[in-house]
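One structure is given below, encoded as structure tokens.
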Amino acid sequence: MIKVLFICLGNICRSPMAEAVFADLVAQAGLSDAIAVDSAGTARYHVGEPPCPGTQRIFKTHNLPYAGRARQISVADLHAFDYLIALDSSNKIDVQSMLAREGIEKPVYRLLDFAAGVDVPDVPDPYYVGNFEKVYDLVLAGCVGLLARIEKAHADLLQK
Ligand code: 4NP
């Protein structure tokens, strides 16, 4: 099983969106038994909450199922997940600091590192400014690229 964790600040807007979008792509590719997907926040402000209204609207518009609640990233996550995918550079730095504190050597990627034709590094935080459709477009581009990368890197494991 390949395990992918999306990480933002609150785990109520961007990373749940990435989790749902990526899980949907994985399901469409027939890979749900081989790739596990989850999300978490670096902060604990919103632990236990459902996704924010803007993200729930995106789920409705794009027909994406989602049942998760916000949780904070843990040290166990750093060990358990193969791909740590941050939604922005500040999330990436926070996760890198956690890894360093624990003495774990593992890369942290930004989701948009994988997005073809996107020239911004960070998925903007929609919590204050909205613009959820723009966030969705970026998240989708990143998730498409990430899945392609994983399929290529693990072709032996993912052969159907
Ligand atoms: P997220 O958005 O990191 O995409 O879930 C945010 C959610 C909450 C806060 C900031 C960003 N907050 O400051 O509470």
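Readers should treat all values here as calculations from the given coordinates under stated rules, not as data from a laboratory. Nothing here was measured: the structure is a model prediction, and the numbers come from that model. Note: ideal-geometry Cβ built from the backbone for every residue, glycine included; neighbour counts use all protein chains shown.
Structure summary
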item	result
Filter result for residue 24 (of a type in the set (D, E, K, R) and within 10 Å of the chain's Cα centre (by Cα))	no
Residue within the stretch 98-106 that is of a type in the set (Gly, Ala, Ser) and within 12 Å of the ligand (Cβ to nearest atom) present	no
Condition met for residue 83 (in contact (Cβ under 8 Å) with a residue 40 or more places away in the chain, under 24 Å from residue 24 (Cβ atoms) and surrounded by fewer than 18 Cβ atoms within 10 Å (Cβ to Cβ))	no
All positions within the stretch 60-95 that are within 14 Å of the ligand (Cβ to nearest atom) and closer than 19 Å to residue 23 by Cβ	66, 68, 69, 70, 71, 73, 85, 86, 87
Extreme residue, surrounded by the fewest Cβ atoms within 10 Å (Cβ to Cβ), among residues of the stretch 102-131 that are charged (D, E, K, R) and part of a helix (DSSP H, G or I)	102
Some residue of the stretch 132-145 being surrounded by 13 or more Cβ atoms within 10 Å (Cβ to Cβ), in a loop (DSSP other than H, G, I, E, B) and touching a residue at least 12 places away in the same chain (Cβ under 8 Å)	no
Selected residue (criterion: surrounded by the fewest Cβ atoms within 10 Å (Cβ to Cβ)) from residues of the stretch 41-76 that are touching a Gly at 6+ places or on another chain (Cβ under 8 Å) and outside any loop (DSSP other than H, G, I, E, B)	72
Subset of the stretch 1-40 [within 16 Å of the ligand (Cβ to nearest atom) and part of a strand (DSSP E or B)]	5, 6, 7, 8, 38, 39, 40
Qualifying positions in the stretch 86-101 - charged (D, E, K, R), in contact (Cβ under 8 Å) with a residue 24 or more places away in the chain and exposed (fewer than 15 other Cβ atoms within 10 Å of the Cβ)	none
Unmet criterion (only one of (1) over 21 Å from residue 45 (Cα atoms); (2) touching a Pro at 6+ places or on another chain (Cβ under 6 Å)) for residue 115	(2)
